[in-house]
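This report concerns only the one structure given below.
The values are calculated or read from the model by the stated rules, or taken from the named source; none is laboratory data. What you are looking at is a predicted structure, and each value in this text was computed from that prediction instead of being measured. We place every Cβ from the backbone using ideal geometry, glycine too, and count neighbours over all the protein chains shown. To get the accessible areas, we keep the full protein, side chains included, count just its heavy atoms, and leave off ligands, DNA and RNA. Shrake-Rupley method; radii C 1.70, N 1.55, O 1.52, S 1.80 Å.
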Amino acid sequence: MVAQRCLRPAPVFDEPALRRAFEAAGVKEVHLGAVWQHVISSAGAGRPEDAPGLPGSAREVLQRHFAAVTSSVQEVKTSADGSTSKLLIRLQDGLQVEAVIMRYDASAGRYAGGPRPGGPRATLCVSSQVGCKMGCTFCATGTMGLLGDLAAGEIVEQLFHASQICPIRNVVFMGMGEPLNNYSAVVAAVRTLTAPRAFGLSPSHVTVSTVGVIPRMLTLPADLPGVRLALSLHAPTQALRATLVPAARAYPLDRLMAALDAYQAASGGGVLVEYVMLDGVNDREEDAAALGALLRGRDVFVNLIPYNPAAAADTYRPSSALSLGYFQHVLRDGHGLHATVRQEMGQDIAGACGQLAAQAAGPQRTPDIEDIASP
Ligand SMILES: C[S@@+](CC[C@H](N)C(=O)[O-])C[C@H]1O[C@@H](n2cnc3c(N)ncnc32)[C@H](O)[C@@H]1O
Ligand code: SF4
């Protein structure tokens, strides 16, 4: 059991906490936006209670219980090519998470150039938990186990910190943690990221990535309309998936595909399918054929992710360029699927997918099925 974290002061970007405190003090909801705008426009320098137009009761609540920013950036590492910056963020109780800025011009399909303030808008990869209990065998975060859930405000603060470095257009929940295991905080955080009187991101510019927490996938379209879903699949059969992703034992592949279909029926949107390419493990000819058959006819976009070394003594190797190309060809030309190979950036600062592990890794263990199945 992970210890409950106690945040004092509470982050002002924590919408549920702020709403509850305002309600209890009889403060009108309309003042939430004014407080956020004040903090954002002053780059965190302005105290929440000094937002213009607040009644005395709101000022008192804010002064006693809330702070503009509760986390701090300990270190920023930028890759040699300038494409990626990794932020090490310290939370108020000493836990640490990482967030990654990727300067990638999605519209042009290529890296957009170095860390230029005011340059092309970037994508921010945020963390939702400190560590993760799901224990995927190829993921650095998975080796840590779960140390704690982030509060909604701490997730939002990652965008706040990144925005001080460069303008952010997209947010992807592909950092540390399984976002659907910290569901209520992630939903509240996305609502603040997309609120016009807070950060005003378009919902379609926010992607929540999951290893497949079925009950939460089904509620997502109603709770976060317009937000995109990415599903980390990694294998075309239950037997192979269970060896890579322990969560597959709690959420088997047939039920996962049914949940994917139900999600799509409810959201009306396509889903990004992520597939980490592991040499000789899930990148063989028969895997490509089985994946093509599994996804054929579904509204999905397959992203083949070159494996990033996650530990010094690694059991996996990245697939060769030849295997990646062949796999993509089978999906595209054999099965009519959209399939791309992800352009990986930031490996030299260990800032690529699956490499985030701000704390030292704990002893690796296979998670209990009961533990995985309780989101
Ligand atoms: C770190 S996870 C966080 C979001 C969520 N827990 C999930 O699994 O989708 C984001 C993505 O990174 C991928 N990933 C994990 N370890 C990786 C590695 N060593 N190399 C490349 N991608 C990796 C995951 O499979 C997933 O698609
Ligand atoms: S890949 Fe995602 S679900 Fe799996 S251990 Fe890493 S963070 Fe957790």
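Okay, here's what the table says:
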{"quantity": "Residues being within 11 Å of ligand 2 (Cβ to nearest atom) and out of contact with any Leu (no Cβ under 8 Å at 6 or more places or on another chain) - total across segment 212-238", "calculated": "1"}
{"quantity": "Answer from G175, G153 - the residue that is touching a Phe, Trp or Tyr at 6+ places or on another chain (Cβ under 6 Å) and buried (at least 24 other Cβ atoms within 10 Å of the Cβ)", "calculated": "G153"}
{"quantity": "Cross-chain or 6+ apart pairs with Cβ under 7 Å, segment 269-295 first and not assigned by TED's automatic domain parsing to the domain that holds L229, then of a type in the set (A, V, I, L, M, F, W, C) and buried (at least 22 other Cβ atoms within 10 Å of the Cβ)", "calculated": "none"}
{"quantity": "Test: residue in segment 213-224 that is open to solvent by 10 Å² or more (accessible area, probe 1.4 Å), closer than 19 Å to I305 by Cα and not polar (S, T, N, Q)", "calculated": "no"}
{"quantity": "Tally of residues being surrounded by fewer than 20 Cβ atoms within 10 Å (Cβ to Cβ), without any contact (Cβ under 8 Å) to a residue 60 or more places away in the chain and touching a helix residue (DSSP H, G or I) at 6+ places or on another chain (Cβ under 9 Å) across segment 301-317", "calculated": "2"}
{"quantity": "Total residues in segment 194-212, condition closer than 26 Å to A259 by Cα and free of Cβ contacts under 8 Å to residues at least 60 places away in the same chain", "calculated": "9"}
{"quantity": "Those residues of segment 264-278 which are open to solvent by less than 10 Å² (accessible area, probe 1.4 Å) and not aliphatic (A, V, I, L, M), in sequence order", "calculated": "E274, Y275"}
{"quantity": "Single unsatisfied condition, S41 versus (1) closer than 20 Å to G200 by Cβ; (2) surrounded by 12 or more Cβ atoms within 10 Å (Cβ to Cβ); (3) within 29 Å of the chain's Cα centre (by Cα); (4) not charged (D, E, K, R)", "calculated": "(2)"}
{"quantity": "Filter result for the condition that a residue is over 24 Å from the mean Cα position of the chain (by Cα), surrounded by 13 or more Cβ atoms within 10 Å (Cβ to Cβ) and modelled with pLDDT of 90 or more, over A259, A321, A339, A290", "calculated": "A290"}
{"quantity": "Selection count, segment 124-141, where residues are within 10 Å of ligand 1 (Cβ to nearest atom), in a loop (DSSP other than H, G, I, E, B) and open to solvent by 10 Å² or more (accessible area, probe 1.4 Å)", "calculated": "4"}
{"quantity": "Inter-residue pairs, beta-carbon under 9 Å, first more than 18 Å from L180 (Cβ to Cβ) and of a type in the set (F, W, Y) and in segment 127-147, second more than 7 Å from ligand 1 (Cβ to nearest atom) and outside any loop (DSSP other than H, G, I, E, B), 6+ apart", "calculated": "F138/L244; F138/L278"}
{"quantity": "The listed residue being over 22 Å from G200 (Cβ atoms) and in contact with a strand residue (DSSP E or B) (Cβ under 9 Å, 6 or more places away or on another chain), out of A25, A17, A21", "calculated": "A21"}
{"quantity": "Single residue of segment 197-211 satisfying the filter (surrounded by 14 or more Cβ atoms within 10 Å (Cβ to Cβ) and away from ligand 2 (no atom under 16 Å from the Cβ)) that is farthest from M176 (Cα to Cα)", "calculated": "R197"}
{"quantity": "Near pairs, Cβ below 9 angstrom, 6+ apart or cross-chain, from segment 31-46 (of a type in the set (S, T, Y)) to any residue that is in a helix (DSSP H, G or I)", "calculated": "S42/D50"}
{"quantity": "Residue match in segment 244-258 (condition: assigned to a strand (DSSP E or B) and either within 16 Å of ligand 2 (Cβ to nearest atom) or at positive phi (or both))", "calculated": "no"}
